[in-house]
Amino acid sequence: MTSLIIDTDPGVDDAFAIALACASPEVDLLAVTTVFGNASLETTTRNALRLLALCGRTDVPVAAGADRPLVYPQEHEADRVHGSDGLSGRAHLLAPGPNEVSELDAVGLMARLLAEADEPVTIAPIGPLTNIALLLGAYPSLRGKIERLVVMGGAISGGNTTAVSEFNLWSDPEAARRVLVEERIPTVLVPIDLTFQCMVQRPWLDRLAASGPLGETLVGFTTDYVAHYTAFFGKECTILHDAIAVAEAIRPGLLRTRSYPVEVDCAFGPSRGALIADRREPEIVATFGSKLARALDIAVETDVDAVLEYLLSRLAR
Ligand code: RIB
Ligand code: CA
C-alpha cells in the first residue's frame, strides 16, 4: 500500500492523475492539496473537490495552498492550455459534491498527515512546487516522514513554457530550486523529456471515452488541451504529464531513471526556471567536477505502450 498525497493544479492532466490514484486499490490517498498554476487557486481547488466527487472519493480531504509563487510574481496564461476553468471549459459539467475544502491550509494538512503517519508518505507534486517548499521550510523535522517525492516537472532538452523551461518549474523557480536542489529527500523528477515520449493520440482517447462514464468525462476535459498539443507537435495528440508521474508514484520503477547533477536557473534572464542537468558521463564529471549542486534521479525512459495500457486499464470505468 502506498500512502500518497497529491499536490496539484487541476488542470486537465492533473484530472487524469487524480482519477488514476482514485482508481488504484494499492493507493491510500491521504489528501489532495492545491496550488495555483494551470488556473487560479480558487479554480484549482474547486476542480480538485469536484474531481474527487466524480471519482466517488469525497472522503479524501482537499486543502488549498499557495495562490502565487514564493518570492517573485509570474504572469500566468495557462488558460490557453487548460481553458479558463482549468478543464477546457467543461468544469461546469462536474457536479459539486458534499465535500468542502479543509479548514487547514495545504501545508498544515500535509504536516498533520506526515506527523500522524505510521509509515513514510509519498508526495506527488504535479504543479508548481510552492507548497512543498513551504512545507519543508516550515517543518524540516518532517523530512524523515516523506518516503519520496515524485515530481512532474522540468525539461532537459527544451521547454514547453519557454524555450528552455517547463511550466511547473517556470511558475516558481525559487520553490523548485529549494525542493530539487537544496533538499536531499529521495526524489524522482519526471520531466517533459519523458512525458513527451508518452504521447496519446485519438485512438487512445476514443478507447477511454468508450470505456464508461468516467473515461468519457475525462476525455471531455481534453478539448483545449488536445488543441494545444496538436499545435505544439503538428499532429492530433496530447500529453498526460501528471498521470505519468502519479503512475510512477504508484508503481516505483515504472520509469527508468538516471542520476544527474542539477541546478534550477533563478536568474532573471531568458532561461529563468530552466532545469540544468549535467549529463556528461560520470567519469568526466568525476574528473572535471560539476558545479551543479545535487545529483537527482531523473526519469529518462519507459515502456511507453505498457504505461499507456496501464493508464487505460485503470481509468476505463
Ligand atoms: O508542464 C506540464 C505541467 O504543467 C503539468 O503538471 C501540467 O498540469 C502543468 O501544470
Ligand atoms: Ca499539473
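A short reminder: the numbers here are calculations on the coordinates, not readings from a lab. Model, not experiment: these values are computed from the prediction. Please note: Cβ atoms are built from the backbone with ideal geometry, for glycine as well, and neighbour counts cover all protein chains shown.
Taking 35 Å as R0, compute the FRET efficiency from the Cβ-Cβ separation of residue 71 and residue 210 and round it to 0.05.
Approximately 0.15, to the nearest 0.05.
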| query | Where in the chain are the DSSP H helices whose C-alpha atoms run 18 Å or more along the long axis and whose mean Kyte hydropathy is at least -1.0? | reply | 41-54
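Kirkwood Rh and Cα-based Rg: tell me the resulting Rg over Rh for the chain, rounded to two decimals.
Details: Rg = 18.1 Å, Rh = 19.2 Å.
Over the Cα atoms of the chain, Rg/Rh equals 0.94.
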| request: Counting only DSSP beta bridges with both residues in the chain, tell me the antiparallel percent, nearest 5. | output: 35 percent
| If you stretched the chain out fully between residue 223 and residue 301, how much longer would it get, using 0.36 nm times the residue separation minus the C-alpha to C-alpha distance? | 25.3 nm
| remark: For segment 139-145, Karplus-derived ³J(HN,Hα) couplings (6.51, -1.76, 1.60; θ = phi - 60°; whole Hz; x for glycine and proline) come out as 10, x, 5, 8, 3, x, 8
| query | What are the residues whose amide H is under 5 Å from the amide H of residue 159, where those residues sit 5 or more places off or on another chain and H is modelled from the backbone? | reply | 164, 165
| task | Identify which of 58, 122, 34 has the largest mean-square fluctuation in a Gaussian network model of the chain, with springs joining Cα atoms closer than 10 Å. | result | 58
| query | Of 125, 186, 69, which has the largest mean-square fluctuation in a 10 Å C-alpha GNM of the chain? | reply | 186
| note | The simple spin-label model distance between residue 230 and residue 291, using points 7 Å out along Cα→Cβ, in nm, is 4.6 nm
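Determine the gain in length on full extension of the stretch residue 267-residue 116; use 0.36 nm per residue of separation and subtract their C-alpha separation, reporting nm with one decimal.
Answer, rounded to one decimal: 50.5 nm.
Okay, helix-only estimate at 222 nm for the chain: each DSSP H run of n ≥ 4 adds -39500 (n - 2.57), divide by all residues, round to 500 deg cm²/dmol; what do you get?
Value at 222 nm, helices only, nearest 500: -10500 deg cm²/dmol.
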| said: Could you tell me the calculated FRET efficiency between residue 316 and residue 283, based on Cβ-Cβ distance and R0 = 51 angstrom, to the nearest 0.05? | reply: 0.65
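What net charge do the residues around residue 43 carry, taking every other residue with its C-beta under 15 Å from that of residue 43, with Lys and Arg at +1 and Asp and Glu at -1?
Here the charged neighbours net out to -3.
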| remark: Residue separation between residue 309 and residue 100 times 0.36 nm, minus their alpha-carbon distance, gives in nm 71.9 nm
| Of 138, 19, 66, the one that fluctuates the most in a GNM where the chain has Cα springs shorter than 10 Å | 138
| Packing-based exposure ordering (other Cβ within 10 Å, fewest first) of 171, 102 | 102, 171
